[in-house]
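The values are calculated or read from the model by the stated rules, or taken from the named source; none is laboratory data. All values derive from a computational prediction rather than experimental measurement. Here the Cβ positions follow ideal geometry from the backbone for every residue, glycine too, while neighbour counts run over all protein chains shown. What goes into the accessible areas is simple: the full protein's heavy atoms, side chains included, and nothing from ligands, DNA or RNA. Shrake-Rupley method; radii C 1.70, N 1.55, O 1.52, S 1.80 Å.
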Amino acid sequence: MATMAELMSNSVQEMASSGQEPPVKYFYKGNDGGVLDSSVPLIEIPVVDLGLLPSPSTSAQELDKLKLALSTWGCFQVINHGMTSSFLDKIREVSKQFFASPMEEKQKYSREADSIEGYGNDMILSDHQTVDWTDRLYLTISPEDQRKIKFWPENPEDFRETLHEYTVKLQETNDFLLRAMARSLNLEESCFLDQYGEQPLVTARFNFYPPCPKPGRILGVKPHADASAVTFLLQDKEVEGLQFLKDNEWFRVPIIPHALLVNVGDQVEIMSNGIFKSPVHRVVTNTKRERNTLAVFCIPESDNEIKPADGLISESRPSLYRKVKDYVSIYFQHYQQGKRPIEAVKI
């Protein structure tokens, strides 16, 4: 237990500012020879305009763009999402202010040993685990009666109100996109939303990546796909770091400051019977600049049965996945063993 306690009290931010050599547990042992390359090609993923999706004259073209993005990359940038650039900057600012506050202030929100909620970094579940070069603040947003307000920072003063306003808007955008995804596949509009449920789990993860002395050996986040239905990422306005894997090659994600990066998670891959791809992604580090991002995960109600939509099953394309409930618990068992969780529910 000493190592877990030691790790929880030792933030990556403190380690970076003290200039100490990172412990070996941070060194990535991937299958690409142990050296990470941040100079990979840039993705050209579609930009989807939410304002064009409802209009009869532009809807078909925008739905095609959405379908192409999700069946090739599994992600897209979304604009005209109803939030101003200045509001997105405000979200970025409260995040920066929290991570810039004194350590004693941040530690008021430290997570408990057996939970991911609150301020901290990776839970250590095995001696062989590679640890991410990041500090996080992880919060439950919805259902609202499951919020643990003790973990929601009181400073900056507008942190709670700003996060609430942002996530209310994102949940509306998520519902809108799940309907659009169904329409793009010629399905009943509510088809994915019905599986998503009335009481979904929505979580927010503020990520802080300090400068890293060994960016060729250490990752901000290990390669993974998401357990969600849909993930929204507010990127750092200036510093890149996110990369997606396609055809065994890594690609950098460009920054569009006023856009949100959206990717589908494993549960939408299951619902779409594999047409939409839940992409594997990672975060690289750099020696010079810190990076702040905010990921919001929209996760179906755990009691709901998630399965391929009936309209996407045929003789030529049988069901590729088993029916599953509470996919998140399956996900974490496999993810910590370095396995791709969705493989466990394939037929």
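Considering amide H positions built from the backbone, and no H for Pro or chain starts, which residues 5 or more places from Gly220, or on another chain, come under 5 Å of its amide H?
For Gly220, whose amide H was placed from the backbone, the distant partners under 5 Å are Trp133, Val283, Val284, Thr285.
Taking the Cα centre of the chain as origin and charging only Cβ (+1 Lys, Arg; -1 Asp, Glu), how large is the dipole, in debye to the nearest 20?
Approximately 800 debye in magnitude.
Per-residue ellipticity at 222 nm for the chain, helices alone: DSSP H runs ≥ 4 residues times -39500 (n - 2.57), over residue total, nearest 500 deg cm²/dmol?
My calculation for the chain gives -8500 deg cm²/dmol from helical runs alone.
Tell me, Kirkwood radius of the chain from alpha-carbon pair distances, in Å?
20.8
Pulled fully out, how much extra length does the chain show between Ala344 and Thr84, if you take 0.36 nm times their separation in residues and subtract their Cα-Cα distance?
Result for the pair: 89.5 nm of gain on full extension.
How do 67-74, 306-313 rank on mean C-beta neighbours within 10 Å, highest first?
67-74, 306-313
Would you list which lysines come within 18 Å of Lys288, measuring only between C-alpha atoms, while excluding same-chain residues fewer than 8 positions from it?
Within the straight-line cut-off, Lys288 pairs with Lys96, Lys214, Lys237.
With every protein chain present, what accessible area does His281 have (1.4 Å probe, heavy atoms only), rounded to the nearest 10 Å²?
Estimated to the nearest 10 Å², His281 gives 20 Å².
Give the accessible area for Thr134 in Å² (nearest 10); use a 1.4 Å probe, count only protein heavy atoms, and leave out ligands, DNA and RNA.
We get 0 Å² for Thr134.
What lysines does Lys307 reach when the alpha-carbon gap must be under 24 Å and sequence neighbours fewer than 8 apart in one chain are set aside?
Lys307 reaches Lys67, Lys277, Lys323, Lys325, Lys339, Lys346.
Can you give the local net charge around Asp326? Use residues other than it whose beta-carbon is closer than 11 angstrom to its beta-carbon, Lys and Arg +1, Asp and Glu -1.
Numbers: positive: Lys325; negative: Glu301, Asp303, Glu305.
Once positives and negatives cancel, what remains is -2.
Between Asp145 and Gln129, 0.36 nm times their residue separation minus their Cα-Cα distance comes to what?
2.4 nm
Tell me the label-point distance for the pair Ser110, Phe332, using the 7 Å Cα-to-Cβ offset, in nm and rounded to one decimal.
So the two model labels end up 2.0 nm from each other.
Please give the length that would be gained between Asp37 and His258 if that part of the chain were fully extended, namely 0.36 nm times their separation in residues minus their C-alpha to C-alpha distance (nm, one decimal).
Details: separation 221, 0.36 × 221 = 79.56 nm, distance 2.72 nm.
Gain on extension, Asp37 to His258, equals 76.8 nm.
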